[in-house]
Amino acid sequence: MYSRIHPYISRIKERSLLTGPGSSKKTYHIVLDLEEALPFKVGDSIGVIPSNDAAVVDRILQLMGVGSQEEIEDPKTGQTVLFRDFLLHRANISKVSFHKLFPVEKTALPLLELLQHHKPGPRELSRVLLPLLPRFYSIASSTRVFPNEVHLTVSFVHFELNGQTYFGVGSYFLCVQAEIESTPIPIYVQPSNHFTLPEDPNRSIIMIGPGTGVAPFRAFMQERMAGQAEGRNWLFFGERNRETDFYYGDYWLELEKQGRLRLSTAFSRDQAHKIYVQHKMLEEKKSLWEWIEEGAILYVCGDAEEMAKDVDAALQQIAQEEGGMSEEEARKFLKTLRHERRYVCDVY
């Protein structure tokens, strides 16, 4: 059994941009090769154990005046390792907490920023660096369609700070740093907590997945189509612009054309006023309520900070307006749906 401690070593088989020319972001479709069996079900996630950017690590060593052969004792394992390898594979160098070391107001900064002002030694620094943690990505494929692959939908994360560009560790590793069919990608399966298809293939499902939150629903639909499931399927997808950000748009439109998928889209920047998935839900409230009353399962995947709350508020409003419930009754109703696992979320 593969795990974080004993990961499966994969390679990137294919990497392609899902966003079109002129998009305000970059989102990639990544195919990882599975030469051996790595059992998973739709709804599960893949834990990726990334490495830090070698160029950034070498810059850190340069700023510290440390050679590439300098050794330290890993504070977590007690092993003697090269300090460079420690920074590459074991340490979170994107942010460092250092209030115990230095009398400064801020307690967390990018490490390169810190080293402009302070020069800790390798052993000193290794004690305050947090561990480099796995990054989790929803699986965007079904083994019934792609038995020797696992697909991921990865948003490339970057930001500016004091004139310096910083990158998300996991997305930089997968989207830029890793070479196709060459760089080892350590991975393992993170099982989902009830976020998977119903056992009954005739059960209707409502999938709400804006942005990269659409990834598991691609897997859901592949699984359902391969098994010729009769249940109805409804997808709410949202992004900035239809022309450049309609992830897997051809697939959804083909399923819609075949009558296998009901599709509702919200492209927030395609008109003067912003339209999000919760607005589309409210537009379709009568039909949505009918599906819920008939036993459909609701799935929500994506941003926890705003989207999931907005979707929850929309569902509560629909329960009040279409179900004739009071605010308190609507809240209890959604709580019951969650308890019955008919309203499940995978948010981050």
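Checking the condition modelled with pLDDT of 95 or more and out of contact with any strand residue (DSSP E or B) (no Cβ under 8 Å at 6 or more places or on another chain), which residue from Glu223, Glu239 passes?
Details: Glu239 fails: out of contact with any strand residue (DSSP E or B) (no Cβ under 8 Å at 6 or more places or on another chain).
That would be Glu223, the only listed residue that is modelled with pLDDT of 95 or more and out of contact with any strand residue (DSSP E or B) (no Cβ under 8 Å at 6 or more places or on another chain).
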All positions within region 299-323 that are under 20 Å from Ala215 (Cα atoms), buried (at least 20 other Cβ atoms within 10 Å of the Cβ) and either modelled with pLDDT under 95 or not small (Gly, Ala, Ser) (or both): Tyr299, Val300, Cys301, Met307, Val311
Quick one: in region 67-86, of everything that is surrounded by fewer than 18 Cβ atoms within 10 Å (Cβ to Cβ) and touching a residue at least 24 places away in the same chain (Cβ under 8 Å), which residue is farthest from the chain's Cα centre (by Cα)? Glu70
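Quick check on this structure: which one of Ile187, Ile206 is in a strand (DSSP E or B) and touching a helix residue (DSSP H, G or I) at 6+ places or on another chain (Cβ under 8 Å)? Please lay out each step first, then the result.
Working: Ile187 fails: touching a helix residue (DSSP H, G or I) at 6+ places or on another chain (Cβ under 8 Å).
Ile206 is the lone residue from the list that is in a strand (DSSP E or B) and touching a helix residue (DSSP H, G or I) at 6+ places or on another chain (Cβ under 8 Å).
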The one condition in (1) closer than 22 Å to Asp310 by Cβ; (2) assigned to a helix (DSSP H, G or I) that Phe237 fails to fulfil: (2)
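Scanning region 243-298 for residues that are among the basic types (Lys, Arg) and out of contact with any strand residue (DSSP E or B) (no Cβ under 7 Å at 6 or more places or on another chain), which turns out surrounded by the most Cβ atoms within 10 Å (Cβ to Cβ)?
Our first condition is that a residue be among the basic types (Lys, Arg); within region 243-298, this holds for 257, 260, 262, 269, 274, 280, 285-286.
Filter once more, keeping what is out of contact with any strand residue (DSSP E or B) (no Cβ under 7 Å at 6 or more places or on another chain): 257, 269, 274, 285-286.
Values: Lys257: 10, Arg269: 14, Lys274: 13, Lys285: 17, Lys286: 10.
In this case the residue turns out to be Lys285.
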Pairs, please: C-beta under 6 Å, at least 6 apart or cross-chain, first residue farther than 19 Å from Gln258 by Cβ and in region 227-244, second of a type in the set (Asp, Glu)? Glu239/Asp245; Asn241/Asp270; Arg242/Asp270
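Consider Ala313 carefully, then state whether it is of a type in the set (Gly, Ala, Ser) and farther than 19 Å from Trp252 by Cβ.
Details: of a type in the set (Gly, Ala, Ser): yes; farther than 19 Å from Trp252 by Cβ: yes.
Judged against the criteria, Ala313 is a match.
Of all the residues that make up region 156-166, how many are touching a Phe, Trp or Tyr at 6+ places or on another chain (Cβ under 8 Å) and touching a residue at least 40 places away in the same chain (Cβ under 8 Å)? So that I can check it myself, show each step before the final result.
If we filter region 156-166 for residues that are touching a Phe, Trp or Tyr at 6+ places or on another chain (Cβ under 8 Å), which is where we start, we get 156-160, 165-166.
So of that shortlist, the ones also touching a residue at least 40 places away in the same chain (Cβ under 8 Å) come out as 156, 166.
The number of residues fulfilling the criteria is 2.
Small (Gly, Ala, Ser), in the same structural domain as Tyr28 (by TED's automatic domain parsing) and either assigned to a loop (DSSP other than H, G, I, E, B) or modelled with pLDDT under 95 (or both) - does that describe any residue in region 156-174? Quick ask: steps written out before the conclusion?
Taking region 156-174 first, the residues small (Gly, Ala, Ser) are 163, 168, 170-171.
Right, trim to in the same structural domain as Tyr28 (by TED's automatic domain parsing) and you get 163, 168, 170-171.
Filter again for either assigned to a loop (DSSP other than H, G, I, E, B) or modelled with pLDDT under 95 (or both), leaving 163, 168.
Checking region 156-174: at least one residue is small (Gly, Ala, Ser), in the same structural domain as Tyr28 (by TED's automatic domain parsing) and either assigned to a loop (DSSP other than H, G, I, E, B) or modelled with pLDDT under 95 (or both).
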Take Ser24 and tell me if it is modelled with pLDDT of 95 or more and in the same structural domain as Ala140 (by TED's automatic domain parsing). no
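Search region 12-49 for residues being touching a residue at least 24 places away in the same chain (Cβ under 8 Å), hydroxyl-bearing (Ser, Thr, Tyr) and part of a strand (DSSP E or B), and hand back the single one that is nearest to Pro210 (Cα to Cα). Working first, answer last.
So the first thing to find is which residues in region 12-49 are touching a residue at least 24 places away in the same chain (Cβ under 8 Å), and the list is 12-15, 18-36, 38-49.
Those left that are additionally hydroxyl-bearing (Ser, Thr, Tyr): 19, 23-24, 27-28, 45.
Next, from what is left, pick out any that are part of a strand (DSSP E or B): 27-28, 45.
Values: Thr27: 13, Tyr28: 15, Ser45: 17 Å.
Ranking the candidates gives Thr27 first.
The values are calculated or read from the model by the stated rules, or taken from the named source; none is laboratory data. Bear in mind that the values here come from a model prediction, so they are computed numbers and not experimental data. Please note: Cβ atoms are built from the backbone with ideal geometry, for glycine as well, and neighbour counts cover all protein chains shown.
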